[in-house]
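Just so it is clear, none of the values below were taken in a lab; they were calculated from the coordinates. Predicted, not measured: the structure shown is a model, and the values here were computed from it. Positions of Cβ are backbone-derived with ideal geometry, glycine not excepted, and every protein chain shown enters the neighbour counts.
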Amino acid sequence: MKMFGYVVLLLALAAPAFAQSDSTIPSSATSSGDLSGSSHWTWVHDSGTPGESVGSSAYPVASPSLDQESREFYMSYSHEGGERYSLTFAHDAEATHFIYDTYVYIVDPAQLANLEMDVNQVMPNGKTVIYAFQCSAYSGTWEYSIIANNRPHWHSSGLPCNPEKWAANTWHHVQIGSHRSSTGVVTYDWVNLDGVCKELNNATGNGALDLHWSPGDLNLNFQIDGASKSSGSVKIYADKLTIYYW
């Protein structure tokens, strides 16, 4: 995620509201539009991963693509290194609900240990709330993170997920629903993979940190972590990457 050098965070908690799919996004929600084509993407090695990585990104990619305009994320890595791709896409300090919505295409899933998708928001009081979530081959589950002692700690949601087992060269639709309290306690409500929606239960915690970012900034992260203990490469595509918030 776009923050300091260590692994991203995220928090979650069960809540049935909006625990469905696209059709339940409220009409009042703001849509970021398709962020795949933004010219403001940046990327950097995530020093919270054990190895090294070098990333690149390309747009537009006509194939594979759902609309002739997908974005390619490429990483060469060693020793399970990870690359974090980030984008500041809007300004809203008041929104409390978020849906991270994207289509993902993995060329070689065996190379991918973690696929992490986050939103970061700076509240009016200046604290940055981290909404982070990942599909992890290490635990074989969807994972969320809570902050303890000013550090993020990943926790298993108990819901099965392993990116190494996702079908290769196939588009997968991912949606993640989350919300926060006025003090920055984050709740992850549900995750939807290829139309199968699962609610999270009892996954919640503080998500706010003093990072001294600009109030109202909305940022997203798309992080890929390598699976090999020696070296390898990951090529992945995202299309129709959209954040809904209200």
Local electrostatic count at S36 - Lys and Arg +1, Asp and Glu -1, tallied over other residues with Cβ under 11 Å: -3
Can you pull out the cysteines in the chain that have no other Cys Cβ under 4.7 Å? C197
Under-5 Å amide H pairs with G81, H placed in peptide plane, nonlocal only: G51, E52, G226
Could you give each residue of segment 120-131 its phi-based ³J(HN,Hα) in whole Hz, using Karplus coefficients 6.51, -1.76, 1.60 with θ = phi - 60°, and x for Gly or Pro? 10, 9, 9, 6, x, 7, x, 7, 8, 9, 9, 10
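Give me the percent of Cα-Cα pairs in segment 78-215 that sit more than 22 Å apart, rounded to a whole number. Kindly include the intermediate steps, with their values, before the conclusion.
Details: 3673 of 9453 pairs.
Pairs farther apart than 22 Å: 39 percent.
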Provide the net charge surrounding P160, with neighbours chosen by a C-beta distance below 15 Å and charges set as Lys +1, Arg +1, Asp -1, Glu -1. -2
Under the Kirkwood approximation for Rh and a Cα-based Rg, what ratio Rg/Rh is obtained for the chain? 0.93
Run the numbers for R151 and S28: contour at 0.36 nm per residue of separation, minus the present Cα-Cα distance, in nm. 40.9 nm
Lys and Arg at +1, Asp and Glu at -1: neighbours of P60 with Cβ under 13 Å from its Cβ sum to -3
Using the Karplus curve 6.51 cos²θ - 1.76 cosθ + 1.60 with θ = phi - 60°, what ³J(HN,Hα) values do you get for each residue of segment 179-185, in whole Hz, with x for Gly and Pro? 8, 10, 8, 5, 9, x, 6
Kindly write out, for segment 100-111 in residue order, the coupling ³J(HN,Hα) from the Karplus curve 6.51 cos²θ - 1.76 cosθ + 1.60 (θ = phi - 60°), rounded to whole Hz, with x marking Gly and Pro. 8, 9, 7, 10, 10, 10, 10, 6, 9, x, 5, 8
